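Here's the structure we're looking at; comments come further down.
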């Protein structure tokens, strides 16, 4: 739902934050070996989010380029596929990896305004 709102140009900070969290979990699951072969696509989706947020600072709206939309669509497909095969334990481990990455300062901090 969040990505659909973003596609239509109606996303708020909350929806963009949800997509950021999904891509962070996708990255952590890939680090655990679930969808690791798609790490490049996950990283492209994360870069698309950084570009989107940088642009939003001046335009005050979340408007995707075609390239960013393609990257995010693929990133969310990977995320959904990962969730289809991940166990609850895998997801808990991924959330812990994400939390440690953020608290240790190893994650890129993206502030949605």
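General observations
- Over the chain, relative contact order from alpha-carbon pairs under 8 Å, at least 6 apart, %: 33 percent
- Here residue 12 and residue 77 are evaluated by their C-beta separation; at R0 = 25 Å the FRET efficiency comes out at 0.60.
- Taking 60, 67, 79 and counting other C-beta atoms within 10 Å, the order from fewest to most: 60, 67, 79
- Cα-Cα separations in the chain greater than 23 Å, expressed as whole percent: 26 percent
- Angle between the chain longest axis and helix 88-104 axis [Cα atoms, degrees, rounded to 10]: 60 degrees
- Note on 99, 61: ascending count of other Cβ atoms within 10 Å places them as 61, 99, the fewest first.
- Kirkwood hydrodynamic radius over Cα pairs of segment 58-102, then Stokes diffusion coefficient at 10 °C and 1.306 mPa s, in µm²/s: 124 µm²/s
- Between 0 and 90°, nearest 10: helix 39-59 axis offset from the chain longest Cα axis: 30 degrees
- Degrees separating the helix 13-31 axis from the principal Cα axis of the chain, which is the longest one: 30 degrees
No value in this document is a laboratory result; all are computed from the given coordinates. Everything quoted here is computed from the prediction, not taken from an experiment. In this analysis, Cβ positions are derived from the backbone assuming ideal geometry, glycine residues included, and neighbour counts consider all displayed protein chains.
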